[in-house]
């Protein structure tokens with residue numbers, strides 16, 4: 001029996017075999033790659049356009065209907081202007097209706113945000129910095145408590161908080177809204193993780209070698225590096241406090257201490273009461289005025305969202 005073996009290049013008898021054929025790699029033409037990128041970019045652009053439309057449609061509806069009278073609001077198409085344009089008149093009526101109570105609600109909301117959200121941000125910065133840059137007994141237990149607190153919804157703590165504050169005699173006072181707002185587990189966790197990466201340990205050691213105290217190291221060296229995280233936590237806590245509804249609902253009975261959320265809801269429910277006046281145009285105008293400070297805050301603070309503030313400060 002004869003066995004035939006295929007000759008391999010470089011072996012005996014390879015000279016009589018046909019030379020191996022190498023397949024030339026096919027290069028993708030620039031036109032094909034560019035067209036695929038353009039199709040992918042077009043799909044992403046359309047998707048982002050739909051998301052933008054979904055986000056701006058409620059704002060457009062709010063702006064359009066704030067320009068209408070009560071009759072025009074009920075007898076016109078909701079996504080376009082009516083024959084009359086009474087935006088400035090609606091703003092004036094909103095500010096002066098019921099003795100100017102809207103301005104009182106606006107001032108209450110600003111008070112809750114300044115003391116509640118500002119205090120929550122300050123405490124989150126201090127706690128996050130300490131947990132990220134100092135080692136002490138029980139650090140892991142604190143981490144577990146913070147994670148557990150983030151997982152607990154605020155509504156689950158509303159009733160125990162109310163019972164505790166009622167025993168302390170603080171219900172129906174501004175402190176019943178401000179004190180619970182000072183605690184932000186998510187803000188603490190966010191500052192913890194941000195400070196661990198944003199502040200190089202070498203910078204702190206250099207400041208200590210130069211004779212700086214811990215307070216001076218924090219306020220003059222570390223705090224500027226935490227600016228993006230501070231702004232992020234501040235915006236989160238500010239939006240949460242500004243839009244807070246359930247906590248003031250169970251804590252406050254006096255309308256003079258209502259925030260804007262409760263006050264506008266009371267105006268909206270006024271039409272369903274016996275002898276109540278329907279003022280839906282003022283409710284919509286008040287809602288438009290309510291979101292303007294949040295939009296201004298985002299526009300003014302977005303420049304602080306920067307990364308790499310400490311890039312190049314440490315030599316590897």
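Taken together, the values in this text are just the output of simple stated rules run on the coordinates, not laboratory data. The structure displayed is predicted, hence computed values, not measured ones. So basically every Cβ, Gly included, is an ideal-geometry build from the backbone, and we count neighbours across all protein chains shown.
Shape descriptor for segment 99-304: Rg over Rh equals 1.06 (Cα atoms; Rh from the Kirkwood inverse mean 1/r).
When peptides 109-118, 241-250 are sorted by average Cβ neighbour count within 10 Å, with the highest value leading, the order is 109-118, 241-250.
Taking a point 7 Å from the Cα of residue 79 along the Cα-to-Cβ direction, the residues of segment 47-66 with backbone N closer than 17 Å to it are 49-66.
Report note on the peptides 135-146, 189-200: ranked by the mean count of other C-beta atoms within 10 Å, highest first, their order is 189-200, 135-146.
At full extension, residue 164 and residue 196 could sit 8.0 nm farther apart than now, given 0.36 nm per residue minus the alpha carbon distance. Computed extension gain for residue 70 through residue 140, at 0.36 nm per residue and net of the alpha carbon distance, reaches 19.4 nm.
Take each peptide in 99-105, 42-48, count the other Cβ atoms within 10 Å of every residue, and average; sorted highest first, the result is 99-105, 42-48. Reported value for segment 73-220: 242 Å³ per residue, from the convex hull of its C-alpha atoms. Between the alpha-carbon centers of segment 96-133 and segment 182-256, tell me the distance in whole angstrom. Cα centroid of segment 96-133 versus Cα centroid of segment 182-256: 14 Å apart.
Using the Cβ-Cβ distance between residue 126 and residue 97 with R0 set to 30 Å, the FRET efficiency from 1/(1 + (r/R0)^6) comes to roughly 0.10.
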